[in-house]
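I have placed the structure first, in the form of structure tokens, so that the comments after it can refer back to it.
Taken together, the values in this text are just the output of simple stated rules run on the coordinates, not laboratory data. Since the structure is predicted, the reported quantities are computational estimates derived from the model, not experimental observations. Positions of Cβ are generated from backbone atoms using ideal geometry, with glycine treated the same way; all protein chains shown enter the neighbour counts.
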Amino acid sequence: MQRVVISGHGAVSALGIGANTLWSALREGRGGIRPLDHPEAANLRVLIAAQVPHFDPAAHFDDKRRPLLDRFSQFALVAAREAIAESGLDFASNDLGARTAVIIGSAVGGELTRDEQSRRLYADKSPRVHPLSIPRTMINAPASHISMEHGLTGPSFAVASACASSNHAIAQAVQTIRCGLADVAIAGGTEACFSLANLRAGEAMRVLADDTCRPFSHHRRGLVLAEGAAMFVLESFEHARQRGATILAEVAGVGMSSDAGDIVAPSDVGAASCMRRALLDAGLNGEDVDYVNAHGTGTTANDATETRAIRAVFGAHADRLAVSSTKSMHGHALGASGALELVAVIGALREGVVAPTANYTEADPACDLDVVPNTARSMPVRAALSNSFAFGGLNSTVALRRAP
Amino acid sequence: MSSSVQQQIFAIIADQAKLDVASIQPASTLKDLGVASLDAIEIIFDIEEKFDVTLSDSDADLKSDTVHGLITAVQRELDAKGTPALAG
């Protein structure tokens, strides 16, 4: 079976454009949570958000292309360009494009386009919507546009599992390379979810914090909604080795599980099962893992449940793990979250620095792990897990090792 | 036929298709003008928005119909509404 490595990464986040822009901020404990920037902000109970600052589509896409691209496709394309450039791959040579897959996660798809067309229909009473509404809205649009821009004609599709979409996409890309369906895969997640409808839906679920995102803190008040994208170039180790690629990390294994329980309440059993499967798939023992990038949303339910799950999986070793939630800084970008978090895991493996859980105040006995509060920690990281647990009880964990 | 309708439709086509207005003739089809199908539906949309009319699918046959046909269809819809052509 092929080993799978990462040879490029790119990101667009509340910290700006660039994977290294994101990683630099995370290792400094610097967040991108700010007052909500939205035309309806004055009427909303949502006060804060982690939005991509000063994103100018015209700086990235010409006049002909922009009408085709919802913001979630724009983020995906910008992140993919960065990842592909870093990988140094030339898809035009040796027909590599035909052996390259594109697998992109998103939770809500072209939400801003959908919301704008709804406004036209219901508020403006317009008899027509924009003719590019369907190609802009469809959840596979980012996968399609990445494949078109780079001439990638292998298996390409979208993956949707709400907040676990990115990790499921990475998992699918790993399997695709392992079984020989492709040598290379562009995989990750993207989200642009700041529509009025989605903001109101977040309010209605009462899961959004009004102060900041403080995962694992006693006084945590919920999640902070975010947008962005992160994309990765995955390739077989053999392919990367033969071309002398710089390898950022190895995706050692993936785990997936379904709670088959509640549609929104998290399950420690499902989460633990997911992590165990990732360890098994990676051939790792719990003791081999030094860092867990937690799902860590900052909701009361998730953080306590995830703590129990980590303890169940790692036993006594749980107290030797560094566990952090970088959502405290880049926010919860739904289907892009796992991908943004993978940037933090790659940074940890490469530099031996674990990004902190920012905004941490008081300990919660229900979250009694070492959550690396507020300040990054230098420590050797041999292997790490990255957790994503979705509404709907769909879980995915990616296990990574340092570059071979 | 209002020349204003024609001028406005020419301007919309020129803008969407990135063409010089002078290159557009009433007898041209959008296909002749090198307008791809996706651009063509945007042109139809912009025309509908500009004049607040809805063109039937048969009036928006982009391969065979001429720009003149589009102008005629828009004028017919405007007449049916009793709306004078927009000044600009």
Quiz item: Quick one: how many residues across region A:61-101 are surrounded by fewer than 13 Cβ atoms within 10 Å (Cβ to Cβ), in a helix (DSSP H, G or I) and either over 21 Å from the mean Cα position of the chain (by Cα) or not aliphatic (A, V, I, L, M) (or both)?
Solution: 4
Exercise. Tell me, please, whether a residue that is in a helix (DSSP H, G or I), out of contact with any strand residue (DSSP E or B) (no Cβ under 6 Å at 6 or more places or on another chain) and over 25 Å from A:S337 (Cα atoms) can be found in region A:110-118.
Key: yes
Quiz item: Quick one: would you say B:A80 is in a helix (DSSP H, G or I), touching a residue at least 12 places away in the same chain (Cβ under 8 Å) and either over 19 Å from A:Q117 (Cα atoms) or more than 12 Å from chain A (Cβ to nearest Cβ) (or both)?
Solution: no
Quiz item: How about region A:274-324: which of its residues are surrounded by fewer than 20 Cβ atoms within 10 Å (Cβ to Cβ), among the acidic types (D, E) and farther than 18 Å from A:L400 by Cβ?
Solution: A:D319
Quiz item: Name the residues in region A:339-385 that are in a helix (DSSP H, G or I), among the β-branched types (V, I, T) and more than 23 Å from A:A316 (Cα to Cα), would you?
Solution: A:V343, A:I346
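Any chance region A:145-157 includes a residue that's within 28 Å of A:I48 (Cα to Cα) and either within 14 Å of another protein chain (Cβ to nearest Cβ) or in contact with an Asp or Glu (Cβ under 6 Å, 6 or more places away or on another chain) (or both)?
no
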Quiz item: In the list A:A19, A:A50, A:A25, which residue meets the criterion of being surrounded by 15 or more Cβ atoms within 10 Å (Cβ to Cβ), under 14 Å from A:C213 (Cα atoms) and more than 14 Å from chain B (Cβ to nearest Cβ)?
Solution: A:A50
Practice problem: Considering (1) in contact with a His (Cβ under 6 Å, 6 or more places away or on another chain); (2) within 14 Å of chain B (Cβ to nearest Cβ); (3) not basic (K, R), say which one A:V78 fails and leave the rest. | Solution: (2)
Quiz item: For region A:84-93, does any single residue satisfy the condition of being in contact with a Phe, Trp or Tyr (Cβ under 6 Å, 6 or more places away or on another chain) and either under 24 Å from A:I139 (Cβ atoms) or away from chain B (no Cβ under 14 Å) (or both)?
Solution: no
Quiz prompt | All helices (runs of 4 or more DSSP H) inside region A:163-273 with 2 or more residues being touching a residue at least 24 places away in the same chain (Cβ under 8 Å) and either surrounded by 24 or more Cβ atoms within 10 Å (Cβ to Cβ) or in contact with a Lys or Arg (Cβ under 6 Å, 6 or more places away or on another chain) (or both) | solution = A:165-178, A:237-242
Quiz item: Which condition breaks for A:A141 when tested against (1) surrounded by 22 or more Cβ atoms within 10 Å (Cβ to Cβ); (2) more than 30 Å from A:S257 (Cα to Cα); (3) within 14 Å of chain B (Cβ to nearest Cβ)?
Solution: (2)
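Conditions tested, residue by residue: (1) touching a residue at least 12 places away in the same chain (Cβ under 8 Å); (2) within 11 Å of chain A (Cβ to nearest Cβ); (3) in contact with a helix residue (DSSP H, G or I) (Cβ under 6 Å, 6 or more places away or on another chain).
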site: B:S4; (1), (2), (3): yes, no, no
site: B:I24; (1), (2), (3): yes, no, yes
site: B:G34; (1), (2), (3): yes, no, no
site: B:D39; (1), (2), (3): yes, yes, yes
site: B:I43; (1), (2), (3): yes, yes, yes
site: B:F51; (1), (2), (3): yes, no, yes
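Being polar (S, T, N, Q) and under 17 Å from the mean Cα position of the chain (by Cα) narrows it down to one of A:Q51, A:Q2, so name that one.
Going through A:Q51, A:Q2 in turn, just one is polar (S, T, N, Q) and under 17 Å from the mean Cα position of the chain (by Cα): A:Q51.
Residues checked against (1) crowded, with 18+ Cβ neighbours inside 10 Å; (2) within 14 Å of chain B (Cβ to nearest Cβ); (3) basic (K, R):
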{"residue": "A:I103", "(1), (2), (3)": "yes, no, no"}
{"residue": "A:G109", "(1), (2), (3)": "yes, no, no"}
{"residue": "A:L112", "(1), (2), (3)": "yes, no, no"}
{"residue": "A:R119", "(1), (2), (3)": "no, no, yes"}
{"residue": "A:A123", "(1), (2), (3)": "no, no, no"}
Quiz item: A:R136 versus (1) without any contact (Cβ under 8 Å) to a residue 60 or more places away in the chain; (2) within 14 Å of chain B (Cβ to nearest Cβ): which is the lone unmet condition?
Solution: (1)
